[in-house]
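Worksheet: the structure to be examined is printed underneath.
Derivation of every value follows stated rules applied to the coordinates shown; laboratory data play no part. These numbers come from a predicted model, not from an experiment. No Cβ is skipped: glycine too gets one built from the backbone with ideal geometry, and neighbour counts run over all protein chains shown.
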Amino acid sequence: MLFHDTTIDGVHVVELETIEDERGFFARAFCVDEFAAKGVAFEVVQANLSRNLRAGTVRGLHYQSELAPEAKLFRCIRGETFNVAVDVRPRSRTYGKWFGVRLSADNRLALLLPPLCAAGYQALTDDAEVLYLASAAHTPEAERGLRHDDPALAIDWPLPVSLVSAKDTAWPPFDPGPDRAMSE
């Protein structure tokens, strides 16, 4: 696996290294030792799968608080999505910044987020499916979120947003704090 740094500290785009022959290809999609060699401690505790019926659908932006922090590894296994990470770690130099990348069944890229980075994505195709690994179990009392359309974040979604859950539209506004400068 190849780990590519992004504009957010600790967030990486993970590229598969394929071994190809006449049958197709083989690639390691996750390896705790390779992650550890890159300084990423990631123990898989939960795997989640979501299907998005319509292009334009947005899920997230979700994270868990310090009560049950979780790292996540996202991979689009059908169709295409635009995945976003937002740094909500108060002492991070990239606090309040967001990064987005297109993940697809064709490009086979993954997005790795450390704990206390909010994750969300938009389906760019109908019937897009996302498989993601989490380093902690879902803990309702630790669940937090940001609005996909928060003006303080100014996320540039590729498509008009067509569907968002009521829960995801009810998150409070992001407050960068008086000592924080926002980035776009």
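What does the charge dipole of the stretch 94-184 about its Cα centre add up to, to the nearest 20 debye, if the Cβ of each Lys and Arg holds +1 and the Cβ of each Asp and Glu holds -1?
It comes to approximately 220 debye.
To the nearest 20 Debye, how big is the dipole of the chain about its Cα centre, given +1 on the beta carbon of each Lys and Arg and -1 on that of each Asp and Glu?
Roughly 300 debye, rounded to the nearest 20.
Any aspartates and glutamates with Cα under 17 Å of the LYS97 Cα? List them, leaving off those in the same chain fewer than 8 positions away.
The qualifying aspartates and glutamates are ASP5, ASP9, ASP87, ASP149, ASP150, ASP156, ASP175, ASP179, GLU184.
Ratio of alpha-carbon Rg to the 2.2 N^0.38 Å globular estimate for the stretch 1-54, to two decimals, please.
In units of the globular-protein estimate, the stretch 1-54 measures up at 1.42.
Taking other Cβ within 10 Å of each residue's Cβ, how do TYR121, TYR95 sort, fewest first?
TYR95, TYR121
Starting from 0.36 nm per residue, how many nanometres of slack lie between LYS38 and HIS4 once their C-alpha separation is accounted for?
11.2 nm
Counting other beta carbons within 10 Å of each Cβ, put ILE19, ILE8, ILE77 in order, fewest first.
By the 10 Å Cβ count, ascending, the order reads ILE19, ILE77, ILE8.
In whole percent, what relative contact order does the chain give with Cα contacts below 8 Å and a gap of six or more residues?
28
Return the FRET efficiency for the residue pair LEU49, ALA154: r is the Cβ-Cβ distance, R0 is 30 Å, and the value is rounded to the nearest 0.05.
0.50
Sequence neighbours fewer than 8 away in the same chain don't count; with that in mind, list the lysines whose C-alpha is under 20 Å from LYS38.
Output for LYS38: LYS72.
What is the percent of Cα-Cα separations in the chain that go past 30 Å?
Percent of Cα pairs beyond 30 Å in the chain: 15.
Pop out the Kirkwood hydrodynamic radius of the stretch 67-134 from its pairwise C-alpha distances, inverse of mean 1/r, in Å to one decimal.
12.3
Sort 137-145, 165-173 for me by packing, meaning the mean count of neighbouring Cβ atoms within 10 Å per residue, highest on top.
In descending order of packing, they fall as 137-145, 165-173.
With +1 assigned to the C-beta of every Lys and Arg and -1 to the C-beta of every Asp and Glu, and no other charges, what is the dipole magnitude of the stretch 1-85 about the Cα centre in debye, to the nearest 20?
Value, rounded to 20: 580 debye.
Looking at the stretch 96-184, what % of the alpha carbon pairs are farther apart than 23 Å?
Every Cα pair in the stretch 96-184 considered, those over 23 Å come to 31 percent.
Counting only helical runs of four or more DSSP H residues, what would the 222 nm mean residue ellipticity of the chain come to if each run contributes -39,500 (n - 2.57) and the total is spread over all its residues?
Mean residue ellipticity, 222 nm, calculated: -1000 deg cm²/dmol.
Round to the nearest 0.05 the FRET efficiency obtained for ALA68 and GLU22 when R0 = 45 Å and r is the Cβ-Cβ distance.
Working from the Cβ atoms, E equals 0.45.
Out of the GluC sites (Glu not before Pro) in the stretch 1-87, which ones are loop residues according to DSSP with at most 15 other C-beta atoms within 10 Å?
Loop-located and lightly packed - GLU17, GLU22, GLU43, GLU66.
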